[in-house]
Each structure stands twice: as C-alpha cells, then as structure tokens.
Amino acid sequence: MNALAALSAGGRQSMRLFKITALFYAMNLAMAAVIVAPLAVAVAGNLSRSLESARLFSNFDVGWLMEFSYQYRGGTAVQFAVLTVVVGLCSLVLNTFLAGGAIALFEREDDAFFSASARYFPRLARLALVSLVFYGFVAALFGVGSRLIGKASESSMEAGPWIMLRWGLIGVAVFLAGVVNMTFDYAKIVLVTGEARGAVRATMRAAAFVASRPARTLAVYWICGAAALGLLAAYHGLSEFATQETMTRVLLVLVFRQAYVLFRVWARLWTWSSEVHAYEAAPLPVAEPEPPIPSYVDVTQGAAADPETLS
Amino acid sequence: MHRWASAILLLSVCLSGQNKPQANYSISARLNPTAKTVTGRETLTWINGSQDPIPDLQFHLYMNAFKNTKSTFMRESGGQLRGDRFQKDSWGYIDIKKLAVAGGADLTRAMEFIAPDDGNAEDRTVIRVPLEKPVPPGGQITLEIDFVTQFPHVFARTGYHGNFFLGGQWFPKIGVWEKAGMRFAKTAGWNCHQFHANSEFYADYGAYAVDLTVPSEYVVGATGIQKNAVKNGDGTTTYRFEQANVHDFAWTAQPTYRRFTRTFDAEREVTAKELTDISRLLGIPHAEARLSNVEMILLLQPEHAGQAERHFRATANAIKWFGLWYGAYPHATITVVDPPNGGGGAGGMEYPTFITAGTSWLQGRNDGDPEGVVVHEFGHQYWQGLVGSNEFEEAWMDEGFNTYSTGKVIDRAYPGWTLPVRLAGIPLSNLMRLPGLTWESVDRAAYLSAPKADDLARRAWEYQTGSSYSLNSYMRPGAMMLTLENTLGEAEMAKAMRAYHQRWRYDHPAFPDFIAAVNESTGKDMNWFFDQFVYSSNVADYAVAGVSCEPVSEDLGVFDGNGGRRTVTAAEARKIDEEREKNHKRQWLTKATIRREGEAVYPVDIEFRFENGETERRQWDGKYRWAKFEFTKATKVASVAVDPEHKLVLDANWTNNSWRAESSYATAGKLTSTVLFWVEQVLATLALLA
C-alpha cells in the first residue's frame, strides 16, 4: 500500500468512525471551557451592566484590557494561571488516554473504545514521557541554533540574512519535531498491536519502521500536515469575512470557528488512521516475542512446581 | 574653525535676535575608525547672561558614564538601558588633554570631578573648573579644550557598531548657569547634573561650527547644514557643519549609508483648507500659520532603502503638523538616521536637526513603526530642541508633551495603525488582523499598568524604577495632556500649547511656566488640575455606585388642605395607582448614587437616559465622596453615565462609569468566543505531544 492508498483508507476510516473525532473535539472543548469559564464570568460581570459593553462590542480597546487586568491583578491572576496549567496537563493526560482507544479502533474496528483506552493508557503514558526526551532534544537543538544565530547577528550590521537563516532553522526544527511526532505515532501503533510492550522497545521498533520506509511514512505524515495547514489557510482566508458586528454574526463566527477546530481534530485522527494502514500494509518482520507479562502469579501452581517455596 | 568665522557666526546669531546665545562651540574633530576614537579641539565662547560674577565653570563629560561600572549611570542602569545591554570591555570615556582660557591660563590642573546629585566620588561625568578671575555679569570667556573621546560599543544613544558611528554626548559640554529665579531656582548656580540612567539632557543655546574629518569612504550626517566637504589628500575628507540656535551637536558616519534627500515643500504639503482651518482654530492670520521649506535627509541602512518613502512621509507629516500647531520648524534641515542591526542602542534619539529612528528588515503595512518613532523623534525638535526643557529635572515636559503631540499626528496621519508584532522577523499584525489602535488607548493602557507608581513630577533619576520613569515621563503625561485637552476643549488647548511654545522657544521653562501659559491663554485657573494629576500620584475613578427606579405610589395617611382634612387609605392608594397604570400616567422615581472611588478630584458630567429617549445632564464638582441624584418622570431610567465622553482619560476604570437597566452579554459573548477559540487551538497543539 503506497502513501496515497494509506491516506485514502485512513480518510475513509476516520470519517466512518467520526464519533472518535467528535469525542476528541468534545474533550478539547470541555477542557478549554474549564479555562475560559471563570474568565467569561468575570468579563460578563464586568461588562454586562456597563455602557462600555456597547463601545467595546464595535471597537475593542486595549485600554479596557488593561483596566480589566488591573482589577484582577494579584491573587486572582495567579489562580487563573495555575488553573490554566493544571487544565493543560489534564488535557494532555486525557488525550493520551483517548489515543489508545482511537488507535485500537483504527486497527480493529470491533474493539471497545474505552476499554482499549484503559488497556493501553499506562503504556502510552510511558511512551509520552519517553517522547519528551526527543522533543526536548529538538527544542535544545533549536535553542542552541537560535542562540548562535543571535550571537552572530549581534555583530553583523544586517538583519536580513540572519532572519532568513532563522527561518531555515525553524524549518529544520519543525521538520525534526514532525519526524519525532511521526515516529512516536508509529510507536503508539506498535504498542497497540502488541508487537512490543516497553516504551523504549516500541520507540526503537517505530524508528526502524520509519527508517526502512522513509518515503511512505514521511509522505503520509506531511500530506496530513499540509492538509491541516491548508485548512488553517482556508480558515484564515474565510475569517476575513467573519466580522462580528451583530450578535447573530457572533454566533455564526462561533460555529465557524468550532467547525474549524473540529476539522483540525479530525486531521489528527486521519493521520493516525492513515499511519495504522501504512504500518499494517508493510509491517516490519515480527521481532522475537517478548515474554508475556502475567497479570497474576499462580501461587498454587508455582508452589507445586518448586518444592523449595514450601520451605 | 578660524577666529573670524567664529566671530561672524556668533554675530549672526546675536543679530538674529531670536535667542540669547550662551554657549557657542567651534570644534575640529577627527575620527579614527580603527581605534574608535575622536580627537578634537573645542573652542567654547561662553557668555554670562546673568548679573552674577561667576567664579567657576562646570562641564558635562557624558562619555565617562561608560568608563567603568562605578559610574552613577552604570550603577543605576546595571548596564542595561532601553532594551539594550552594555557590551563589556568596550568602555567609553573622554579625556581632557588640555583646558585653557584662550590666550590665558592653563586650567587643566585645576579641573576636579564633582558629583552634585549623589556624591558618588567615582563618577566622572561632571567637572568643575575654578577660574583665576570670575566671568563678570554680561562678560564672556573663551576656552580652548583638547580632548579625546573613546566610543563604547553602541549603548545609550552613542557609540560604534562595526563601521557605524553615532557621535552623541561626545564633547565637553558646559552646564547651564541658572540665575536666581530662572526656572524658579531659589539661588543662582550651575545646573549641571551627572549622567543618569533615566535621564536625557539640558544645555544652553548657541551656535555650533564643527569640522569633522573622517576617511573619505564614509557617508556623514550631522546637526545643521553641511557647508562644505574638503578632500585632504590623505584619504580623509573634512566636512563642515554649522547651525545656530541649538543646544547640542551630534553626527553619524558609516561607509554604506544610503543617502536620500527631498525637500519638504510647504506650499505643496499644506493645503489651503488646512491652513485656513488651523488659522481659524488658533485665531491667527494665514501668514503666521504658514510653514517653511525644509531639506529632509535620510541616512538609511542599505537593507532598509526600500522604506525611504515611509520615512519621508513620516518626516513630512511631522514637519507639517507640528509646524501648523506650534509654529513653523525654523531650521533648514532635518536629518533622519537609521542605525544598523546591532546598533539599536543608538536608535530613537533626538538631537537638534538630527534624529535617529529605527526600523526592521520587514515591516508590516500598518505597523506603527517606523512612522511612530520618526514622528516622535522629530517632535522633540519642538519640546526639547526649540523649547529647551530640562530633561534631568522635568523629563515629562519633553517626553510627555511629545508623546501627546506625537499621538495627535499619528492618529491623524495613520489611522488604524497597529502595534508591530513579529515572529522570526515576520510582521504578523496584518495576518493576525490585530485591531487598530489610537495613541490615547495606548497611553491609557500603559498608565493603567501602574497608576500609583510615582508622582508625575519627579527628577528623572528619582522615580522608583526605570519603568516608572518611562511611564511617568511618556504615557502618563500623554494621558494627562489628553485629559487637559478634553477639559479645555480642542481650540483652547491648541492656543495654549502654541502660546507656551512661542513664549519659550529658545529658552528654558519649568513646569510652573507651562501652568502660567495655560492659565493666561485660557483665562482660567487650572492649578487644581495640575495639583491633581502632576504633583501627586492620586488615581481618578468615578463610578455609578447604585441606581434604583421605583414606581411612585400615592401617599398614604391624613392630609390637611384647603378642602379640609383628607384620609388616603391603602386600598384607595392602590386603586389610584392602578388607575394611573391603566392610563399610562404612572410616575417613576429614579435615584442614582455616583461615587468618587479614587483620590483625585475632577468635575464630572453625569448623563441620565430614559426609556422614552429623554436625557438629563447634571454636573458634579466631584469633590465629596458621593453625590445622589433623583428624577421623577413618567418613564423608567435606561442608563446612567458619569463622564460619558471619557474626558477623564486618567480614570482608572471606565467600565464602572456607567450603568444600564438591561444587561447585555453580547460583548462578553464575543470576547469569550474568541478566547475560547484560541485556548482550543493551544490545547489542540499541546495534544500533539500525547
């Protein structure tokens, strides 16, 4: 199966299982709502009985933003920042949880979503932690490159060449981050298919898979990425017309924006589904099976087999 | 400079009658681009315009601020200023090799460093030179000073970067002798402050003639008019610049500058209608409002050459509006310098007829820069160059007045400008569709970041922090001046500002002089205003504290009248009320309480709007903590607003200025929807790690 066939199959499957997209979207929306709710209450309380509301509706004023921040400075602002961080982390954990169910269903559509999510969560959580090392490596690489460029540009009298070099560095960093992201997508698949249980082993196997089929894997990943970017460009172009001069238009823009978020989430699931198809079409030779990890120890049987345990 | 040339220049300044030339400089200087030094000889003729015999002289040696970490400047700044960091091991200093009275005593050995502000014995930015005999009242003294200036890597407005040089604060400069009463000084004495991190400059007016010798490949720009350029035959060229009626001289040199020139053609730039409008606004004849032609010179970095038109337009807009409002720009030239990448520390600075701006390699269409910085630095020609404000002691009289004036030019010439937001050098303002800004909203927003940090009126180095200095020198006085304009009205304010500018052109005012100019021009006593908003850190905040609207019920009880005693029972009253309700004759009692939540006092208008479209306006002196208002009308109240036109820009909370009967969640919904969308985007991006 080539990349296009995988993408096509992935697209069909992710549309067929659109409820997974809806679940991810709903979770994302709920998490965002937890962050935004206190802000919304504060803004509503601040503006609902004031004539400023009408003025700001048509002409947003940065002065109001400062006024608002001034009133909620100190403890309230800190509480809000803590809430944002906590919800961000919860969102990451929940996404990791749901990822197991999504990939399991993309692999076997008859699997039960939530039980699969629960089944694979510990492994995927460990994998997520391992992935942070690689993302950290890319970030460090970017940081060092950025610092070097910054240092070099300080002594230069021109900014242009260094800005272009920085663009190049950003391009490389994005590409590397993409490769890491893609590799860990395959690592998730490896874990779900049960070809490996350990996070490190799954990572190595995924890396081997990517290395052995670079064109196909990169094509699948970056075509999905390009589609997401295309979606963003389309959103941006259309949002030019999404003015919010009346309450009806505010609601329309809300719907339009949520549609964009929904499709953005779908693009991610389409990527996973396509990667599952790409992986299953040409898996690596089966590795030496890992010894099964027993879910319990049969003490009775063990005791019988080993008389020493009785002493 | 030849003696006869100095004499002619001095004479021409005296005959012009425009000012009182105190300090006239003739400087011969040679740049050594390899050693980053300037070797110079300065001939200073200083006139004692006071009735005091003056026994000593004081000079600024600004460059010594960068000599070591013990200078007051470095101690205060920690080697960081205006977003720039001092590059260690590139120390800057100035050595006086010889200081002598022309044809007289050598005073070099008599020089002593003093620290009038903080007593820092290690500071080397001010010297005192005792004279053998005092300069008599009305007398003059001519000094010859040999000096060598070592430039630092660009920092705090001066220095070098690669082969770029910005010569600012580069020569020994005499302080200002303030006689008793001048700028409200109690006693006569030298006003010669040390160089502080949060401060700019103050100097006497005079004539400058400078011969600057640089390698011939260098492109040069400087204060004043370039009179000639003579090739010396040794690979160097000597440029001569002259300018009268200024209080400083700066120059720049770089081989790769792209030089552009264009004439500001006053006839073409100012339409007949604009001239008529301004004459009418200020109540002056056309001839008085008319502007002069000015040669605009741009020295741009090669990579910014494509932005020449934007720089020209901004300069022309500034010459035009500052000229129309406050009086024509009197000099023949204005040079705009664009420092290179890495030389940003030299950007955004003003010297007479010479300003430094700053731009980026890519610049967004509606970005506030380079227009904002060009207009602002040009504005200093008026509030620091022509009106010689003391920036050590009253920085806001330059920066603040200029922030106010700049805003008026920018909002008029560039409506809908945006803050320049960029990522990896790419301007994003347009892409992000950031809302357009007004100068007023930015000033107010900045003020609200720390409205109680300091009194506005402080000496520049005595604010609590560097950011408080910035806030109280730029944005807060900008907002204060807008409030003053809203209080006086546009025409009165315009007249007062012009009167102040004209009165103090080529002179040194203090803030009470501005107050006097405003009071005199408007015929009002505005001292109360300045007491509130300049000489205190009081915050203004007026609020609608509570509004109630109840139906008026028939009174109950026993009433004595002409027709005898009458008793109204509860049942009768209810019946009367129901009858009125049925006939739409019900009366409503509106009660509103307005409170002064802040400490500052300002008279405010209060507007009451009713459901039937009626409005009522009341005025309140705003002095006591609260005031109550009552109306009985055949309609309910719809809204109450205190200071409905937002005249009081310094009000810390405009949202509580009004109350409406019907709640509206439209704006909250709109803002929440937008924030929700962006939070979702962030979370969806974070989910890529899962």
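The values are calculated or read from the model by the stated rules, or taken from the named source; none is laboratory data. Every value quoted in this text rests on a predicted model; they were computed, and no experiment measured them. Every residue, glycine as well, gets a Cβ built from its backbone with ideal geometry; the counts of neighbours run over all protein chains shown. The area values use the complete protein model at the heavy-atom level, side chains included, leaving out ligands, DNA and RNA. Shrake-Rupley method; radii C 1.70, N 1.55, O 1.52, S 1.80 Å.
Laid out as a table, the results:
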{"read-out": "Inter-chain shielding of B:654-664 (mean C-beta neighbours from other protein chains, 10 Å cut-off)", "value": "6"}
{"read-out": "Dmax and Rg, reported as Rg then Dmax, of the stretch B:344-488 (C-alpha, Å)", "value": "15.4, 46"}
{"read-out": "Those lysines that a straight Cα-Cα span of less than 22 Å connects to B:K628, excepting residues fewer than 8 apart in one chain", "value": "B:K591, B:K636, B:K647"}
{"read-out": "Debye intensity ratio in log₁₀ form over the Cα atoms of the stretch B:26-115, taken at each q of 0.12, 0.13, 0.14, 0.20 Å⁻¹", "value": "-0.55, -0.64, -0.72, -1.15"}
{"read-out": "The stretch B:614-652-the stretch B:303-322 distance, computed between alpha-carbon centres (Å)", "value": "45"}
{"read-out": "Angle between chain B longest axis and helix B:371-380 axis [Cα atoms, degrees, rounded to 10]", "value": "70"}
{"read-out": "Degrees, to the nearest 10: B:3-16 long Cα axis against longest axis of chain B", "value": "30"}
{"read-out": "Relative contact order %, the stretch B:1-255, counting alpha carbon pairs below 8 Å whose residues are six or more apart", "value": "25"}
{"read-out": "Ordering of B:316-329, B:540-553, B:396-409 by burial proxy (mean other Cβ atoms within 10 Å per residue, highest first)", "value": "B:396-409, B:316-329, B:540-553"}
{"read-out": "Rounded D (µm²/s) - the stretch B:345-393, Kirkwood Rh over Cα pairs, Stokes-Einstein at 4 °C, 1.567 mPa s", "value": "111"}
{"read-out": "Cα point-scatterer Debye curve for the stretch A:3-287, base-10 log of I(q)/I(0) at q = 0.11 Å⁻¹", "value": "-0.85"}
{"read-out": "Three-way shape label, the stretch B:241-280, alpha-carbon gyration tensor, a/c 1.5", "value": "oblate"}
{"read-out": "Taking the stretch A:3-287 and dividing mean pair separation by its residue count, relative contact order in percent (alpha carbons under 8 Å, at least six apart)", "value": "31"}
{"read-out": "Taking N as its residue count, the alpha carbon Rg of the stretch A:156-276 over 2.2 N^0.38 Å", "value": "1.43"}
{"read-out": "Residues listed by number, the stretch B:338-372, amide nitrogen under 17 Å from B:R85 label point at 7 Å toward C-beta", "value": "B:342-346"}
{"read-out": "The stretch B:157-308 - convex hull of alpha carbons, volume per residue in Å³", "value": "199"}
{"read-out": "For a label point 7 Å along the Cα-to-beta-carbon line of B:E274, residues of the stretch B:311-331 with backbone N under 15 Å", "value": "B:312-329"}
{"read-out": "Shape of the protein assembly as shown, Cα gyration tensor, a/c cut at 1.5", "value": "oblate"}
{"read-out": "Accessible area, probe 1.4 Å, largest first, for residues A:D110, A:D185", "value": "A:D110, A:D185"}
{"read-out": "Chain B - percent relative contact order, Cα under 8 Å, separation 6 or more", "value": "9"}
{"read-out": "Inter-centroid distance (Cα atoms) of the stretch B:256-289 relative to the stretch B:151-219, Å", "value": "31"}
{"read-out": "Semi-axis lengths (Å, descending) of the ellipsoid that matches the C-alpha gyration tensor of the stretch B:1-255", "value": "27, 25, 16"}
{"read-out": "Set B:K452/B:K524; B:K98/B:K173; A:K151/B:K88; B:K36/B:K88 screened for pairs whose C-alpha atoms are more than 19 Å apart", "value": "B:K452/B:K524"}
{"read-out": "Kirkwood-type radius of the stretch B:539-652, with distances r between different C-alpha atoms, in Å", "value": "16.3"}
{"read-out": "Within a Gaussian network of chain A (alpha carbon springs, distance under 10 Å), most fluctuating of A:T246, A:T183, A:T193", "value": "A:T246"}
{"read-out": "Integer Hz, Karplus 6.51/-1.76/1.60 couplings in order for the stretch A:168-182, x for Gly and Pro", "value": "x, 4, 4, x, 5, 5, 5, 4, 5, 4, x, 5, 4, 4, 5"}
{"read-out": "Helix B:476-488 axis, angle to chain B major axis (alpha carbon atoms, nearest 10°)", "value": "60"}
{"read-out": "P(r) of chain B over all Cα-Cα pairs, binned every 10 Å from zero, in whole percent", "value": "3, 13, 22, 23, 17, 9, 6, 4, 2, 1, 1, 0"}
{"read-out": "Chains A and B together, accessible area buried on both sides, 1.4 angstrom probe, square angstrom", "value": "5900"}
{"read-out": "Average beta carbon contacts from partner chains per residue of B:333-345, 10 Å cutoff", "value": "2"}
{"read-out": "Karplus-derived HN-Hα couplings along the stretch A:78-84 (A = 6.51, B = -1.76, C = 1.60, θ = phi - 60°), whole Hz, x at Gly and Pro", "value": "5, 4, 5, 5, 5, 4, 4"}
